[in-house]
Amino acid sequence: MGILGRISVIFIAVLAWYIAVRLNSTPPLPYIDPDPWWGLGEPKKSDSKIRPFKIDIPAKDVQDLQARLAQAPRLAPSLEGVNFTYGMDSTTMAVILKYWRDSYDWKKRETKLNAYPHFKTRIEGLDIHFMRASPPAGSGKTVRPLLLLHGWPGSFVEFMGILPLLTTPRADSEVVFDVICPSLPGYGFSEAAAKPGMNTLAMAQIMTKLMKRIGFEKFYVQGGDWGSGIAHDIATAFPDTLYGIHVNMVMAMTLGAQAKLMLGAFLPSGTVMDPKLEEKWYPLLTFYGITLREMGYAHLHATKPDTVGVALNSSPQGLAAYILEKFSTWTDMKYLNQKNGGLLDPDFPISLDAMLDNICVYWFTGSITSSMRLYSEFFGASSPAITMFNIPTTVPAGLAGFGNDLAVIPENLAAHKFHNIITYTNPEIGGHFAAMEVPKILADDIFIYVNIVERQMKEEQLQKTKKS
């Protein structure tokens with residue numbers, strides 16, 4: 001072998017060694033300011049009281065919404081035969097707006113949202129809203145606190161249908177839940193940060209402080225979308241606060257997992273992942289093409305959220321179109337090719353009233369702009385997201401990849417992040433908004449996972465007792 005050959009072999013060996021070390025190295029946890037101030041101006045002494053809160057939108061705000069809805073919408077005619085591939089269909093939008101204007105009753109829906117007690121408390125300079133649903137007393141079950149975290153374009157409204165299922169004692173479970181549903185900072189009735197940097201890690205710290213203030217030193221956490229990302233960060237940065245983490249959207253794709261994903265494009269079927277999941281990923285060109293088509297909004301949010309926020313915060317029609325289009329496509333991609341995006345179908349898995357409840361929360365709180373800023377904070381140059389993704393956690397994990405969600409991470413790739421996977425399931429039905437679409441399936445998945453964790457904890461405690 002000549003000198004150039006030897007140099008090439010050495011170079012390839014060094015490169016392979018570097019890649020192997022890089023893929024298997026664990027970065028240190030980013031610095032987390034234990035007491036930041038996200039409110040206006042300089043830090044002030046905060047009131048740590050938990051205050052009762054009731055959703056009670058002033059009559060003038062409801063009348064203002066009605067007046068805006070009464071204005072004839074300026075809807076551009078849709079192209080022939082495109083269905084939802086260009087976004088919201090104008091004919092469908094006209095029907096929905098008529099229903100919102102003439103039939104939907106916010107005050108009745110407000111009463112429904114107030115069925116559970118609501119509260120606010122001040123943390124790190126911000127008023128944080130949460131709803132609490134507790135089980136009946138005297139059930140004889142172990143009561144565990146469960147933090148439920150929503151995402152975008154959702155809100156605490158996502159969980160109205162699943163709360164009774166989680167707080168009602170069941171014969172097949174030794175556990176029942178005391179559920180805390182917050183509004184994320186900058187969403188709904190929680191105050192928005194006045195300073196940049198409110199990313200998922202910052203929210204994770206606020207959520208752990210919230211649970212501690214309520215009286216829970218340790219709890220379970222569950223989330224999808226951004227709620228999943230925040231739950232990831234709680235498990236990574238504050239593992240001692242958790243009994244376990246359950247998510248219905250795995251966000252953490254470590255460098256090692258991404259390398260495997262790429263290799264899977266060239267290796268025989270079944271080498272990298274369960275063959276039944278391969279059609280969701282391969283060919284990669286198709287997957288990334290769909291991603292580019294569906295994620296344009298995320299690029300906008302991550303770069304100039306305040307600009308589009310002006311339009312969405314000024315027009316309820318525009319806000320509804322923007323959010324409803326996501327509910328259509330993210331529930332099931334098949335709705336792209338239906339004239340009404342599925343939204344007006346009698347078997348669409350989420351009721352129009354529930355979706356309008358969610359939109360009204362954004363509208364009445366004026367929170368669409370601040371909610372979109374989370375993308376900018378997450379994808380920004382100073383974001384700790386990639387570092388947090390690549391720090392593994394041993395917190396017991398329950399992972400559910402619903403069949404119609406935007407992406408379903410295979411268990412072996414998720415295992416690069418989660419080193420203690422208790423349950424991994426792929427329900428065939430249900431999409432991105434699982435708590436609204438298939439609340440029973442999601443609740444059953446949570447109960448199965450938690451009961452396994454509880455049995456393991458009892459066994460570990462029994463072994464410790466025997467040793468002592």
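The values are calculated or read from the model by the stated rules, or taken from the named source; none is laboratory data. Computed from a predicted structure; not experimentally measured. Counting neighbours? That spans all protein chains shown, and the Cβs are built from the backbone with ideal geometry, glycine included.
Can you tell me which of (1) more than 21 Å from GLY188 (Cβ to Cβ); (2) hydrophobic (A, V, I, L, M, F, W, C); (3) part of a helix (DSSP H, G or I); (4) touching a Leu at 6+ places or on another chain (Cβ under 9 Å) is the one LEU69 doesn't meet?
Of everything listed in (1) more than 21 Å from GLY188 (Cβ to Cβ); (2) hydrophobic (A, V, I, L, M, F, W, C); (3) part of a helix (DSSP H, G or I); (4) touching a Leu at 6+ places or on another chain (Cβ under 9 Å), LEU69 misses just condition (1).
Having 2 or more residues that are of a type in the set (S, T, N, Q) and loosely packed, with under 15 Cβ neighbours inside 10 Å is the bar; report the helices (runs of 4 or more DSSP H) wholly within region 247-310 that clear it.
In region 247-310, the matching helices (runs of 4 or more DSSP H) lie at 284-294.
Filter region 415-438 down to the residues that are touching a strand residue (DSSP E or B) at 6+ places or on another chain (Cβ under 9 Å), under 10 Å from GLY401 (Cα atoms) and surrounded by fewer than 22 Cβ atoms within 10 Å (Cβ to Cβ) and list them by number.
TYR424, THR425, ASN426, PRO427
Do you know which residues across region 331-341 are more than 12 Å from MET88 (Cβ to Cβ) and either in the same structural domain as THR91 (by TED's automatic domain parsing) or surrounded by fewer than 20 Cβ atoms within 10 Å (Cβ to Cβ) (or both)?
First, the residues of region 331-341 that are more than 12 Å from MET88 (Cβ to Cβ): 331-334, 337-338.
Across region 331-341, the qualifying residues are MET333, LYS334, ASN337, GLN338.
Just for region 76-101: of the residues that are of a type in the set (A, V, I, L, M) and touching a residue at least 24 places away in the same chain (Cβ under 8 Å), which one is farthest from GLY366 (Cα to Cα)? I'd like the intermediate steps shown before the answer.
Restricting attention to region 76-101, the residues satisfying the condition of being of a type in the set (A, V, I, L, M) are 76, 79, 82, 88, 93-97.
Okay, now just the ones that are also touching a residue at least 24 places away in the same chain (Cβ under 8 Å), so 88, 93, 95-97.
Values: MET88: 22, MET93: 21, VAL95: 24, ILE96: 21, LEU97: 19 Å.
Across region 76-101, the extreme among qualifying residues is VAL95.
Which pairs have Cβ atoms under 6 Å, sit 6 or more apart or on different chains, and link a residue in region 454-468 that is closer than 23 Å to PRO145 by Cα to one that is at pLDDT 95 or above?
GLU454/VAL175
Can you work out which of the residues in region 237-276 that are touching a residue at least 24 places away in the same chain (Cβ under 8 Å) and among the small types (Gly, Ala, Ser) is farthest from GLY224 (Cα to Cα)?
Our first condition is that a residue be touching a residue at least 24 places away in the same chain (Cβ under 8 Å); within region 237-276, this holds for 237-239, 241-257, 259-261, 272-274, 276.
Filter once more, so that each one left must be among the small types (Gly, Ala, Ser): 237, 244, 252, 256-257, 259.
Details: ALA237: 18, GLY244: 15, ALA252: 12, GLY256: 23, ALA257: 20, ALA259: 24 Å.
Looking at residues that are touching a residue at least 24 places away in the same chain (Cβ under 8 Å) and among the small types (Gly, Ala, Ser), I get ALA259.
So GLN222 clears everything in (1) surrounded by fewer than 23 Cβ atoms within 10 Å (Cβ to Cβ); (2) closer than 20 Å to ALA443 by Cβ except one condition, right? Which one?
Condition (1) is where GLN222 drops out.
Would you pick out the residues in region 161-207 that are buried (at least 23 other Cβ atoms within 10 Å of the Cβ), among the hydroxyl-bearing types (Ser, Thr, Tyr) and out of contact with any strand residue (DSSP E or B) (no Cβ under 6 Å at 6 or more places or on another chain)?
Matches in region 161-207: TYR187, THR200.
For region 353-415, which fully contained helices (runs of 4 or more DSSP H) count at least 3 residues that are among the polar types (S, T, N, Q) and either at positive phi or within 18 Å of the chain's Cα centre (by Cα) (or both)? Show your work before the answer.
Numbers: elements: 368-379, 385-389, 411-414.
It comes to 368-379.
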